[in-house]
Amino acid sequence: MTDVILETRKLTKSFKGFTAVSGVDLQIARGHIHALIGPNGAGKTTCFNLLTKFLAPTSGQILFNGRDITAAAPAQIARMGIIRSFQISAVFPHLTVLQNVRIGLQRALGSSFHFWRSERSLDALNGRAMQLLDEVGLAGFADHVTASLPYGRKRALEIAATLAMEPELMLLDEPTQGMGHEDVHRVTELIAKVSAGRTILMVEHNMSVVAGICDRISVLQRGALLAEGTYDEVSGNPQVMEAYMGSSAVELQGAH
């Protein structure tokens, strides 16, 4: 039997009569890269916000490692090892690349928000921070001010900062959004590389990214689960093709 790290049971979120997520049952297998896809307005980001408790479900359950976390607060969820990124790059623009990763590492020291601590006391974290930067191809940018980085490298830095918090489950929200082809390729390779020994759940519009690295795909439409399976199973599903319509359906089939 598959080892399930995250499960939702009949997960539902309504806003004043509008149901954004409707009775969704998800099972995310440990060690997999699992994609959540669907047309605009399908409920993907709302689903992410429910999983990390930025929104409270109207009904249903969320289980992490078999434990019911439906009532847990966002900070508790993060401490358990569920760490997310956002559609908009969330890094500190006026700190260096190294300092950004070090903030994530400070959590292990119990000094996450001690921005006033002396530089020297944080130097013990530099070795691990450089390892993480090397893992995402940013070791050569350690002393650069983050604001000066191109967009694709900022997303790579965000992944390094996420890894610094030692996630058991990484949630990546549109990791390649707004990128040129070269950056998309670099970040896709990076996600595949850092997935070793980790579990990743991602919302992603780019079907070639999904086709290239995802083990399993769940398709949402109007807040409900429309289909689930491998990329080949999902892309050949007539209901999925109809949901995407036109050019997106062509893209769905031609992404390999």
Sort through Ala72, Ala29, Ala42 and tell me the only one that's of a type in the set (A, V, I, L, M, F, W, C), closer than 20 Å to Tyr231 by Cα and crowded, with 16+ Cβ neighbours inside 10 Å. Ala42
Given (1) closer than 21 Å to Ile217 by Cα; (2) of a type outside the set (Asp, Glu); (3) out of contact with any helix residue (DSSP H, G or I) (no Cβ under 8 Å at 6 or more places or on another chain), Thr52 misses just (3)
When you check Arg186 against the structure, is it at pLDDT 90 or above, at negative phi, basic (Lys, Arg) and surrounded by fewer than 20 Cβ atoms within 10 Å (Cβ to Cβ), yes or no? no
Note: among Ser235, Ser218, just one is closer than 30 Å to Gly60 by Cα, buried (at least 23 other Cβ atoms within 10 Å of the Cβ) and free of Cβ contacts under 8 Å to residues at least 40 places away in the same chain, namely Ser235
Scanning for something touching a strand residue (DSSP E or B) at 6+ places or on another chain (Cβ under 8 Å), of a type in the set (Asp, Glu), exposed (fewer than 14 other Cβ atoms within 10 Å of the Cβ) and closer than 25 Å to Ile213 by Cβ, does region 6-21 turn up at least one residue? no
Okay, strands (runs of 3 or more DSSP E) sitting entirely in region 1-93 with 1 or more residues that are out of contact with any Ser or Thr (no Cβ under 6 Å at 6 or more places or on another chain) and modelled with pLDDT of 95 or more, I get 4-15, 18-29, 33-37, 59-64
Quick one: what pairs do we get from region 93-104, first residue of a type in the set (Val, Ile, Thr), second assigned to a loop (DSSP other than H, G, I, E, B) and surrounded by 22 or more Cβ atoms within 10 Å (Cβ to Cβ), C-beta under 7 Å, 6+ apart or different chains? Val97/Leu138
Go through Ser59, Ser85 for me and flag whichever is hydroxyl-bearing (Ser, Thr, Tyr), more than 18 Å from Ser218 (Cα to Cα) and either touching a Cys at 6+ places or on another chain (Cβ under 8 Å) or touching a residue at least 60 places away in the same chain (Cβ under 8 Å) (or both). Ser85
Quick one: which strands (runs of 3 or more DSSP E) lie wholly within region 156-228 and hold at least 1 residues that are assigned by TED's automatic domain parsing to the domain that holds Val24, under 14 Å from the mean Cα position of the chain (by Cα) and among the charged types (D, E, K, R)? 169-173
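The values are calculated or read from the model by the stated rules, or taken from the named source; none is laboratory data. Please read these numbers as outputs of a predicted model, since none were measured by experiment. Note that we place each Cβ from the backbone using ideal geometry, even for glycine, and neighbour counts take in every protein chain shown.
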